[in-house]
Every structure is written in structure tokens, then in C-alpha cells.
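Inspection log for the structure reproduced underneath, given as C-alpha cells.
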Amino acid sequence: MGKLDGKVAAITGGTRSIGRGMADAFLAEGAKVVVNGRNAEKGARCLAEMGAGDNAVFFQGDASKQADVEGMVDFAIAHYGQLDICCLNSGGVDKTGPVASMSDEEWQLEMDWNLNQVFWGMRRALQHMIPRETGRIIVTSSVEGKLGKPGIPGYTAAKHAVNGLVKSAAHEVGTLGITVNAILPGLTETDNLTENGPASAEAMGLESYEALIDLFTQGAAIKRPNKISEVAAVALLLASTSGRNITGTLFPVDGGTMPY
Amino acid sequence: MGQLEGRVACITGGTRGIGRAVAEAFLREGAQVVVSGRDAAKGAQALAEMGAGDNAHFVVGDVAVREDCEALIQATVDRYGKIDILHANAGGAVDPAPVAAMTDAAMQGTLLVNYWHTFWSMRAALAFMIPQGSGRIIATSSVEGKVGTPGLSNYVVAKAAVNALVRTSAKEVGTLGITINAVCPGAIETDAMLDSAPAAAESMGMTYDALKDMFAQASAIKRLNEVEDVAEVLVLLASDAGAGITGSLISIDGGTSPY
């Protein structure tokens, strides 16, 4: 008997990294899972690796596009008949830089990808969950939702905003059997990190990728990046029945980085 | 296979309320558990009800007394050979009153059972965990450690001190395989709340029912929390999956705390 038997989850950015960790954890506890990503090939590979048969399906879409985010929610409901757990997990930066040299295009992308995605997905999911009086919204925020490092102003602003959105929404639906929470990971060992870390390091004026890892983990008590499995375990708790009275919480998984 | 197979846990104030729910959750996940309390009869009753045989043990002690806190940690190691998990859980508010009317005894007594107990137990446990290179310490703090409810200043101050202790100590041992966290539950109608909340309500100029309603209305869920909410978070923090969470003050309060 799994902790999520009979539940349906949808996860933006679910083919790799933290989202994939959530998908694997949810599948292991009996859920059916829709994973989203931009790349059909990576989606197919993800499904093959998970080997979950009809219990997992890929939805191709760009999490920075409203139609695709809403499309994922609609697809999950159409495909599996309901949506119990909506993980708005995708996020990141493209060509980030300090405020003084930030382009409008990059700023808009970071707002769409990190903030608007969460609003679009949450609104669509809540419209389905409110009449059913049950549901879980889990947002992957970041320690940057409480801190602020040079060189990533858009990401930082968006994650701060996401935390506020989570708190407001949690209070709106608190008596309807729906919880809304954010997980705030510290630097996490993901594919995204290894792929985009070097460029981020350069944007932040750091000597190397290793210097970036060092910078982001020196603020942590554990002096190492977090692991995907550590984030996924919290998502599972929040998604399960055990999480029913935890809402509006900004749950840290950051090795002791944030000051509050 | 339980998530805490082979682990030894010590829980202060573990015969009733949150501590008892945590003890049962830890036992279910395969741990051996020592619970403490002031009342030997309640301890015996808790052991009988838990029915865990040799996997559970009771030690009588008063968390307001340093020697008792230290003896409890030693008794855990004597009984099961080590200590992997400390849940510094006991606490409460002694004679709460507005600051203008707060007695020294009420402030001191509340600091003893919440803050000093956590410090003494943590220090004693770390003496074993640091050489061992592993450990989990979890303090039961409160939403009151993050906010300030009028009439409860002694409890608020004590829990805020616990939170500060957790944040600092977590950084001291962060690279040694030891995590230190606090859980901050919202109001839960435990025996401890039934013991102290009527007096708190009186000091705040309201009935006990009105106090409960005030706590519920401050949350998003408009009801009190339950001990099981806390127990599942404790299992996560105590397990391998919790290795990357430290120095955190985790709200389990139905959306009450502002941060």
C-alpha cells in the first residue's frame, strides 16, 4: 500500500533533476505521474528509464509558456481523470547577468519561467481542485527566494515572489482540503547545474564552476550541495496524507543556508 | 525495511502528546526508543500501550534539572549502546502572564523546561554524536518561536532561544554528519496544552475555547494541528533523506507563521 495510491501528479520540468526525483518518489508510492519537458527525446528516455508503463506519461511543453503550463494541467486531468498533486518545479535562467546589464528579454523569460509558470499552473490546478476539495500544490522555490546573490536578480526576484504567492494561495484554500507549499532547496546536484553552472559562474564574475559550487555551499552548514533525493523526500511528505496540515510553509532543504 | 532500522532515539517528554506520537512513528520505522517523563506510572503505562517490548525503554526524569537531562542521554547509550537521534521535545509555559505581571519564577521555569533542557540534552548528545560522526537532533519549538502572542512572553522567548540555539549549533556540526533542526508546530490540543493553556487564556483575558479558536483562525486551515503532523516530519528529519536539512525551523502550523 503506497502513500499515494490512486493519486495523480503532474510535474513541470519532470524528466530530469529535482522534478524527476519527485516523479520517481511519487511512482514508488503508487501515484500516476505526468512529467513535462521541452524535449520529446528526453521525455521518451525518461519514460523508458522509469519503466512505469501506463502509470507515467510525458507531456511536451515549455514551462515558460502559459498555454503549455495550462496544457499540462488539462492533459493530466484528461488523461488520468483527475489531478491531485501539481508540482510547479521547472525554473532557471538563460543568459543571466547583473541588473545593470540585464536585458528586457532575459528578465521577461525569468519572470515567465520562474514566477508566471507557477501562477498559471496553480490557477488552473486550483480550478480543478477547489470543487473536489482536495489537492496539493508543491512549488520548487529556492534559497534565493529568501536571499539575494549578485548576478541572478531576475531569478531571485521571481523566487521571492513565488514564496508570497504560495502564502497567499495557502490561506485562500486552507479550509478546502488543499495545501500549497514551497520547497526551498539550496544548491542541488542537478543536470541543470552541471550544464548551466559554468555560464552562471562567468556571469557572476567567478573564476570557475568549482568556485561557484564553493560560493553556494560555503553559506551552508553542510558545505556541500543538496541531493535530489533530499528534495524529493520532502515533496513526498507534502503530497501524502501526512502533509494535510502543512500549508503555506516555505520548507528549507538547504543544509542550513538560509538565515530564516 | 523501516527508515530508521538500527537507529537509537531518545525523546524527552515522550510518554504523551507529540513525543509519544514521534516515539510510535520511530518504532514503526524500526528504531529503538527511549522516552522520558517525570511520572514513572505514566512511563510504565506508555510502554505498555506502545507494546514494543525491548525496543522501548522509559527513564524517569525532570527536564528542568540538568543532571536529569544528562543522565537521560547516558541512560540511552547504556541501554542501547549509542544515540543516533535526540528529540528534545518536552516543554510548556509555566504561569504565563503579560510581561507587566510576569514573575521571575514563571520566566525562569519556562526557560528551564524549553531552552535549558534543549541545551543540556543537545550538549550531552553531541558528546556522543561528534565522535560517532553522525546524528540527528530535533527540537520541538513552536510557531510561538517565530511570532509573538501577547500574554505568552515566557514561552515565546524560550522557543525563540531554542530556534537560535538550533541555527547556531547546526553550523558548528554541519560537516560532521550531524543535523540539528527545530519543528515549529501550531497549536495542538495535547495534554500539555490542556495543562497550561487555560492559565494562558486567563492571562490573555479570554476563555480556553476562545484561545483555541484564536489559534485556529490565525491559520489557513482554521483548525488546530495534530500530533501525527509532527511525527511524520520527525521521521523525515531523522532518516537518511533528512541528511541535507539542517538549521531549519520547519513550520507545521497550517499556514500560521509568516515565515
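Would you calculate the separation in nanometres between label points at residue A:67 and residue B:38, each defined as 7 Å from the Cα along the Cα-to-beta-carbon direction? Here the answer is 6.8 nm between the modelled labels. Its Cα centre serving as origin, the range A:68-191 has a Cβ charge dipole (Lys and Arg +1, Asp and Glu -1) of approximately 500 debye. Taking the range A:131-162 and a reference point 7 angstrom along Cα→Cβ of residue A:106, the backbone N atoms nearer than 13 Å belong to A:150-156.
With n ≥ 4 as the cut-off for DSSP H runs, can you work out [θ] at 222 nm for chain A, using -39500 (n - 2.57) per run divided by the number of residues, rounded to the nearest 500?
The helix contribution divided over chain A gives -14000 deg cm²/dmol.
Here the calculated FRET efficiency for residue B:45 and residue A:123, from their Cβ-Cβ distance with R0 = 41 Å, stands at 0.20, rounded to the nearest 0.05. Averaging the sequence gap over all C-alpha pairs within less than 8 Å and six or more residues apart, then dividing by the number of residues, gives the range B:144-259 a relative contact order of 35 percent.
How do A:102, A:129 rank when sorted from fewest to most other Cβ atoms within 10 Å of their own Cβ?
Details: A:102 17, A:129 24.
Ascending number of Cβ neighbours within 10 Å: A:102, A:129.
Within the straight-line cut-off of under 13 Å between alpha carbons, the aspartates and glutamates reachable from residue A:227 are A:189, A:191, A:254, B:240, sequence neighbours fewer than 8 places apart in one chain being disregarded. Structural descriptor for chain B: relative contact order 20 percent, calculated from alpha carbon pairs under 8 angstrom and at least 6 residues apart. Debye sum, Cα scatterers, the protein assembly as shown, no solvent: what log₁₀ I/I(0) at q = 0.05, 0.06, 0.11, 0.12 1/Å? Normalising to I(0) and taking log10 leaves -0.19, -0.28, -0.94, -1.09.
Panel order for A:120, B:116, A:107, by other beta carbons found within 10 Å of each beta carbon, from fewest to most: A:107, B:116, A:120.
Once the gyration tensor of the Cα atoms in the range A:38-131 is diagonalised, the equivalent ellipsoid follows with semi-axes of 28, 18, 9 Å, ordered largest first. Working note: Karplus 6.51/-1.76/1.60 with θ = phi - 60° gives the range A:5-11 the couplings 4, x, 8, 10, 10, 10, 9 Hz, where Gly and Pro are set to x.
Between the beta carbons of residue B:28 and residue A:211, assuming R0 = 41 Å, the FRET efficiency works out to 0.35 to the nearest 0.05. Remark: the range B:164-175, residue by residue, has Karplus-estimated 3J(HN,Hα) of 5, 4, 4, 4, 6, 5, 4, 6, 5, 10, x, 9 Hz, where x stands for each Gly or Pro and the curve is 6.51 cos²θ - 1.76 cosθ + 1.60 at θ = phi - 60°.
Once C-alpha pairs closer than 8 Å and six or more residues apart are averaged by separation and normalised to the residue number of the range A:1-94, the relative contact order reads 35 percent. Put simply, the amide H of residue B:86, placed in the peptide plane, has neighbours under 5 Å in B:10, B:136, B:137, B:138, leaving out anything fewer than 5 places away on its chain. Amide H contacts of residue A:56 (H built 1.01 Å from N, in plane; Pro and chain starts excluded): A:33 sit under 5 Å, all sequence-distant by 5 or more or on other chains. Counting 0.36 nm for each residue step from residue B:101 to residue B:123 and taking away their Cα separation leaves a gain of 4.6 nm. The modelled label-to-label distance for the pair residue B:175/residue B:222, using points 7 Å beyond Cα in the direction of Cβ, is 5.1 nm. Rounded to the nearest 0.05, what FRET efficiency do residue A:78 and residue A:189 have when you use their Cβ-Cβ distance and R0 = 41 Å? Plugging the Cβ-Cβ distance into 1/(1 + (r/R0)^6) gives 0.75.
Each of B:79, A:136 was scored by other Cβ atoms within 10 Å of its Cβ. Listed from fewest to most, they are B:79, A:136.
Could you tell me whether the range B:37-79 comes out rounded, prolate or oblate from its Cα gyration tensor? Rule is a ≥ b ≥ c as square roots of the eigenvalues, rounded for a/c under 1.5, then prolate if a/b exceeds b/c, otherwise oblate. Judged from the Cα gyration tensor, the range B:37-79 comes out oblate (a/c at least 1.5, b/c at or above a/b).
Need the C-alpha centroid separation for the range A:70-130 versus the range A:211-235, integer Å. The two parts, judged by their Cα centres, are 23 Å apart. In terms of its C-alpha gyration tensor, the range B:118-259 has a prolate overall shape, because the principal axis ratio a/c (a ≥ b ≥ c, square roots of the eigenvalues) is not below 1.5 and a/b outweighs b/c.
For a modelled paramagnetic label at residue B:206, 7 Å from Cα along Cα-to-Cβ, the residues of the range B:82-119 in reach, with backbone nitrogen under 18 Å, are B:93, B:96-99.
By the helix-only formula, in which each DSSP H run with n ≥ 4 contributes -39500 (n - 2.57) and the sum is divided by residues, chain B has a 222 nm mean residue ellipticity of -14500 deg cm²/dmol. Which residues does the label zone of residue B:62 cover in the range B:100-116, counting backbone N under 18 Å from a point 7 Å along Cα→Cβ? Residues passing the 18 Å test: B:104-116. For the residue pairs A:95/A:149; A:167/B:222; A:159/B:171; A:42/A:149, the alpha carbons lie more than 20 Å apart in A:159/B:171; A:42/A:149. Give the distance, in whole Å, between the Cα centre of the range B:124-198 and the Cα centre of the range A:136-209. Centre-to-centre (Cα) distance: 26 Å.
Each value in this text was obtained by applying a stated rule to the coordinates, not by laboratory testing. All of these numbers come straight from a predicted model, not from anything done at the bench. Neighbour counts are summed over all protein chains in view; Cβ atoms, including those assigned to glycine, are modelled from backbone coordinates with ideal geometry.
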